[in-house]
1. Exactly one of (1) surrounded by fewer than 23 Cβ atoms within 10 Å (Cβ to Cβ); (2) over 25 Å from A:THR363 (Cα atoms) is unmet by A:ASP255. Its number?
2. Among the residues of the stretch A:167-177, is any within 14 Å of chain B (Cβ to nearest Cβ) and surrounded by fewer than 18 Cβ atoms within 10 Å (Cβ to Cβ)?
3. Restricting attention to the stretch A:205-218, does a residue exist that is of a type outside the set (A, V, I, L, M, F, W, C) and more than 10 Å from chain B (Cβ to nearest Cβ)?
4. Taking A:LYS185 as meeting all but one of (1) within 14 Å of chain B (Cβ to nearest Cβ); (2) in contact with a helix residue (DSSP H, G or I) (Cβ under 9 Å, 6 or more places away or on another chain), write down the number of the exception.
5. Across the stretch A:212-239, which residue is farthest from the chain's Cα centre (by Cα) among those that are loosely packed, with under 13 Cβ neighbours inside 10 Å and hydrophobic (A, V, I, L, M, F, W, C)?
6. Could you identify the single residue in A:TYR29, A:TYR16 that is modelled with pLDDT under 95, assigned by TED's automatic domain parsing to the domain that holds A:PHE171 and buried (at least 17 other Cβ atoms within 10 Å of the Cβ)?
7. Would you pick out the residues in the stretch A:195-210 that are exposed (fewer than 15 other Cβ atoms within 10 Å of the Cβ), of a type outside the set (Asp, Glu) and out of contact with any helix residue (DSSP H, G or I) (no Cβ under 8 Å at 6 or more places or on another chain)?
8. Over 21 Å from A:VAL160 (Cα atoms), in contact with a Gly (Cβ under 7 Å, 6 or more places away or on another chain) and among the hydroxyl-bearing types (Ser, Thr, Tyr) - does that describe any residue in the stretch A:248-259?
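The values are calculated or read from the model by the stated rules, or taken from the named source; none is laboratory data. These numbers were taken from a predicted model, which means no experiment stands behind them. Note that each Cβ is placed from the backbone with ideal geometry, even for glycine, and that neighbours are counted across all protein chains shown.
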Amino acid sequence: MGGKVIPISGNYAVAYAAKAVDVDVVAAYPITPQTAVVEKLAEFVANGELDAEFIHVESEHSALSAVVGASAAGARVFTATSAQGLLLMYEVMHIASTMRLPVVMSIATRAISAPINIWCDHSDFMASSDTGWIMLMALNAQEAHDLTVAAFRIAEDPEVELPVAVGYDGFWVSHTVEPVEVLEKDEALKYAPKRRRQYVLDPERPLTMGSLASPDWYFEFRVQLHDAVERSREVILRAFDEFGKSFGRVYKPVDGYFTDNADLVLISMGSASGTALTYVEEARKSGVRVGLVNIRQFRPFPEEELYKHLEGAGVVAVVDRALNPGSAFVGPLYSDVVLTLFKRGLDIPVLDFVVGLGGRAVTRRDFDEITKRSLAYLGKRMKDIKQHYAFIGVRE
Amino acid sequence: MGKAPGWRELPRGAVIPEPGSSVRYKTYTWRVLRPVIDQEKCIRCRICWTYCPEPAIIEVEEPYTTKTGRTYRVTYRIDYDYCKGCGICAEECPVKAITMVEEVV
């Protein structure tokens, strides 16, 4: 069980994962906003460590299109991007999902222009939340590695056959070096075996993919997509469970810390959850009844799992690393959390704190401020809140 | 559409498992203008056949002799089941042997 532990960046951790599952085709556009993921994969292919076709394309739109084509032909495929590159892929993301092609893509989550900024936030990731992709978010380099391996098993499951995106924070995780236990090819393939799908492009058995669907047909295929994303919940749980049994690291759609009867539960996603946990552990020692939920599975949104951690809470504070200007919810994660509670009739104050845009650091002091502001609403209801959101760490 | 299959019965991902099924979709209903070839003027240059995007120009092994006594081995016809009436053939014809005529319902 388990491979060796080596010091690598989040990017390399993802590249080692794609190598471990023996991808057949990688397509990528090689300049910023690309990261070193595909540089490392190109090296693996060039030195013979990975027997894959590496396609150099002229844009991210083409990168995703190329792996869509390769996936349609039955290959195990991988690509990676960030920020503007992901936005350029946006059109093809919907095509991959509704065509039910199990593409796996890593996203080093970054801010989007303007102004030009290559640092971390979740604007790119959140902009993809309606594409019908399964979306996972890693907390650190080890998770980026593990979730990428799991992503292939989930994507290619016959019950699912959907693309999966694995997010990990740009720079905070993508470019910092951590010890990572790298899985070996045989154990990774045993966990995530390659399968032949029902429909693949094959000259011996001609069929049509990507055809026109008139108003008499289109609606049905969008509902099919929604159904597949919903059904993926069980498959993800099984994949996480099996991962824990095989490799000893246990993942869940959400992690809860000190959430039982907490006065306040913080909700965070990505590397900030690590900082938040350190804060929560300290605050608990000084008697503040604060807990934390880390969201690992963003799509499909794990309502049931999240609710279990919130039903006993006094106040909920959502920490959003993206901004939807002019919307009713301001931060995108906030909308999912509020609906999760509202649908179950739980009327407790839920506040939204937008933090860390464009690579600004999110610190324990920020979580302390969020905690103090939120606890002022203990015992109140949603309608008692005059301003539901605040920006933390911005200069006034 | 009452008898069409529901989303659970349809092939996954909008795949059409049967090859060549698009021939059942007759696109002539899109047509507003219909191309008509004047066999007397046509010089059998094949340009319309080359340019037709459908392709709905058919080359048939059927000899034709013009009133002036010239005999061609082949004749060009329009496949009116699939011709969408785009008019490219009429535009490209070097001898103006194709006219676009209004469809009458």
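1. The single condition A:ASP255 does not satisfy is (2).
2. No.
3. Checking the stretch A:205-218: not a single residue is of a type outside the set (A, V, I, L, M, F, W, C) and more than 10 Å from chain B (Cβ to nearest Cβ).
4. Tallying (1) within 14 Å of chain B (Cβ to nearest Cβ); (2) in contact with a helix residue (DSSP H, G or I) (Cβ under 9 Å, 6 or more places away or on another chain), A:LYS185 fails exactly one: (1).
5. A:LEU212
6. Exactly one of A:TYR29, A:TYR16 is modelled with pLDDT under 95, assigned by TED's automatic domain parsing to the domain that holds A:PHE171 and buried (at least 17 other Cβ atoms within 10 Å of the Cβ), namely A:TYR29.
7. Listed by number, the residues that qualify are A:ARG195, A:ARG196, A:PRO203, A:ARG205, A:PRO206.
8. yes
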